[in-house]
Amino acid sequence: MKQPAHRRQPTLSNPRVQRTRNHVLATARELLLQVGPAELTYALLAERADVTRQTLYRHWPTRAALLFDLVLQGPDPGTYPQPGSDVRAVATAWLKSMRAGVSVPAVRSAVLAIAAQADHDPDSAQALVRISEDRHADLNKLLEPSGIRPSDDEFALLYGPVLARLFLDRGEVTDAFIDAVVAQWLTNLQCADAPRVE
């Protein structure tokens, strides 16, 4: 039995569907900057993007799903790193790419909105977990040629200082800061590989 049109999931491989998604996400980025995350409603987004609210709900059943896509499918402000065997170079390039992505005001707003709602909204909490898992998986792919596969804790030790500087300190993440974070992270990785003396 065929599902009614209003319940069918969009076919993401369809170019028309991709154009609609890209248009809605671009409109949502603009609105985030104009009205902020609290005022980004589906009613306003549907009006500005010239789509129905039904279309929005078919693509993003929850607001957290929309914000999730804004974070992960945001504009690419630079080139994404390539896989490599030089762990220092890959980790440095990955952190610079993360810095560039989070520096996009709409992406930054979406991340902060998801984090702010995560304690009270299960969809936002899940979106936050999915963002972390996605970024961790991407880093692991980039590091495959090196044979290094950071654990969850090792991954957090790499990106944590950068997010703390950006979101808590509201400071600048310089190349020198990233170099220092990567150097410390590599030291921690080497210590973790060392045999334990008991």
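Across the protein chains, with a 1.4 Å probe defining accessible surface, the residues THR187, THR55 rank THR187, THR55 from largest area downward. Against the main long axis of the alpha-carbon atoms of the chain, helix 63-72 sits at an angle near 50°. Taken along its principal axes, the alpha carbon cloud of region 129-198 reaches lengths of 41, 27, 23 Å, longest axis first. Taking label points 7 Å from Cα along the Cα-to-Cβ direction, ASP134 and ASP119 give a separation of 2.5 nm. Counting only helical runs of four or more DSSP H residues, what would the 222 nm mean residue ellipticity of the chain come to if each run contributes -39,500 (n - 2.57) and the total is spread over all its residues? Per the formula, -21000 deg cm²/dmol.
Principal-axis analysis of the Cα atoms of the chain puts helix 122-143 at an angle of about 50° to the longest axis.
Residue ranking by accessible heavy-atom surface, 1.4 Å probe, largest first, among SER85, SER97, SER103 comes out as SER85, SER103, SER97. Taking the 1.4 Å solvent-accessible surface of region 80-198 as the whole, the part contributed by carbon and sulfur is 53%.
Normalised per residue, the accessible area of region 9-137 is 53 Å², obtained with a 1.4 Å probe and no contribution from ligands, DNA or RNA. Which FRET efficiency value, to the nearest 0.05, is calculated for LEU112 and GLU47 with the Förster distance at 35 angstrom and r the Cβ-Cβ distance? In this case the efficiency is close to 0.90. Helix 87-103 and the long axis of the chain differ in direction by around 30°, with both axes built from C-alpha atoms. Scalar couplings 3J(HN,Hα) for region 160-177, obtained by applying the Karplus form with A = 6.51, B = -1.76, C = 1.60 to θ = phi - 60°, are x, x, 5, 5, 4, 5, 6, 9, 8, 7, 6, x, 8, 9, 7, 4, 5, 5 Hz; x denotes Gly and Pro.
The values are calculated or read from the model by the stated rules, or taken from the named source; none is laboratory data. Small disclaimer: the values here were computed from a predicted structure and weren't measured. Here Cβ is always computed from backbone atoms with ideal geometry, including for glycine, and neighbour counts include all displayed protein chains. Only protein heavy atoms, including side chains, enter the accessible area calculation; ligands, DNA and RNA are left aside. Shrake-Rupley method; radii C 1.70, N 1.55, O 1.52, S 1.80 Å.
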